[in-house]
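A.B. asks: Quick one: structure below, then a few questions.
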Amino acid sequence: MLDMGSTSPGNIRFLTDRGHKNYSEDLLRSSLDPGLRVKDDAGNQVVDSKKFLDENLGYPNAHFDVVLCWNLPDYMEESLVKPTIDRLWSVMKPGGVLLAFFHTRDAGPDSTCYRYHVTESDVLEMQEVKFAPPGRPPSEKQSPRLQRVFNNRHIENLFRDFASIKFFLARDAMREVLVVR
């Protein structure tokens with residue numbers, strides 16, 4: 001099982017108590033590494049998606065049965081979203097399941113980014129995620145900025161290589177998406 005949020009002792013305990021081997025990758029924080037920034041042909045600063053994927057998600061093909069993607073695509077830079085989802089398709093086993101959350105409306109620049117902690121088989125606790133942007137002092141922690149709101153068609157296109165996708169409306173203007181590879 002791959003948990004793509006920041007490390008959660010509660011999630012690790014919950015999953016390992018049920019016999020699952022758990023891997024954690026904080027891809028949102030990793031995506032903000034200033035060392036990933038390069039200039040494109042027009043001289044604009046962009047994230048080097050190849051370098052990002054070389055340094056993250058370096059697992060063999062068909063390694064995971066389950067991926068907890070959480071709300072990562074809503075907060076990750078646009079240039080990293082599709083390459084990350086494509087890599088997830090590769091590292092998931094056929095029939096593997098991915099859980100993702102997507103905002104249903106734009107909450108504005110001050111939206112709160114949450115980390116999800118599994119506390120029971122049907123209960124999640126939410127904890128606000130805050131960290132200092134690259135190059136800023138730790139005292140300037142803030143919630144990552146919501147980058148976009150995906151509509152259903154965008155989500156279907158994002159996961160078009162997967163076998164199936166199911167949408168569920170959740171609380172707090174969120175959409176739960178279950179995807180099967």
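A.B. asks: What shape does region 45-104 take by its C-alpha gyration tensor, where a ≥ b ≥ c are the square roots of the eigenvalues and a/c under 1.5 counts as rounded, a/b above b/c as prolate, and the rest as oblate?
C.D. replies: Oblate is the answer for region 45-104, as a/c is 1.5 or above yet b/c matches or exceeds a/b.
A.B. asks: Would you mind checking the pairs 82/141; 39/141; 93/166; 39/82; 39/93; 50/141 and listing those with alpha carbons more than 25 angstrom apart?
C.D. replies: Table pairs above 25 Å Cα-Cα are 82/141; 39/141; 39/93; 50/141.
A.B. asks: Same structure, new question: Is region 1-134 best put as rounded, prolate or oblate by its Cα gyration tensor, with a ≥ b ≥ c the root eigenvalues, rounded for a/c under 1.5, and otherwise prolate when a/b is larger than b/c, oblate when not?
C.D. replies: The shape class here is oblate.
A.B. asks: Using Cβ counts within 10 Å as a stand-in for footprinting exposure, how do 118, 177, 38 rank, fewest first? List each step's numbers first, then the result.
C.D. replies: Working: 118 19, 177 23, 38 13.
Taking fewest neighbouring Cβ atoms as first place, the list is 38, 118, 177.
A.B. asks: Here is a follow-up. Go ahead and run the numbers for FRET between residue 55 and residue 123, Cβ-Cβ distance against an R0 of 41 Å, rounding to 0.05.
C.D. replies: 0.75
A.B. asks: Ignoring everything except DSSP H segments at least 4 long, calculate the 222 nm mean residue ellipticity for the chain; use -39,500 (n - 2.57) per segment, divide by total residues, nearest 500.
C.D. replies: After summing the helix terms and dividing by residue count, I get -6500 deg cm²/dmol.
A.B. asks: Next question, about the same structure. Let me make sure I get this right: for region 66-181, a, b and c are the square roots of the gyration tensor eigenvalues over alpha carbons, sorted descending. Under 1.5 in a/c it's rounded, otherwise prolate if a/b > b/c, else oblate. Which is it?
C.D. replies: prolate
A.B. asks: Measure off 7 Å from each Cα along the Cα-to-Cβ vector at residue 62 and residue 46, then give the distance between these two points in nanometres to one decimal.
C.D. replies: 3.4
A.B. asks: Using 0.36 nm times the number of residues separating residue 104 and residue 86, minus their current alpha carbon distance, what extension gain do you get?
C.D. replies: Taking 0.36 nm per residue and subtracting the Cα distance, the gain is 4.2 nm.
A.B. asks: Can you list the HN-Hα couplings for region 113-129, worked out from phi with the Karplus curve (6.51, -1.76, 1.60; θ = phi - 60°), rounded to whole Hz and with x for Gly and Pro?
C.D. replies: 8, 10, 9, 9, 10, 6, 10, 9, 5, 10, 9, 10, 9, 10, 10, 4, 9
Just so you know, all these numbers are worked out from the coordinates, no wet-lab data involved. Source: prediction; values computed, not measured. Here the Cβ is made from the backbone with ideal geometry for all residues, glycine too, and neighbour counts use every protein chain on show.
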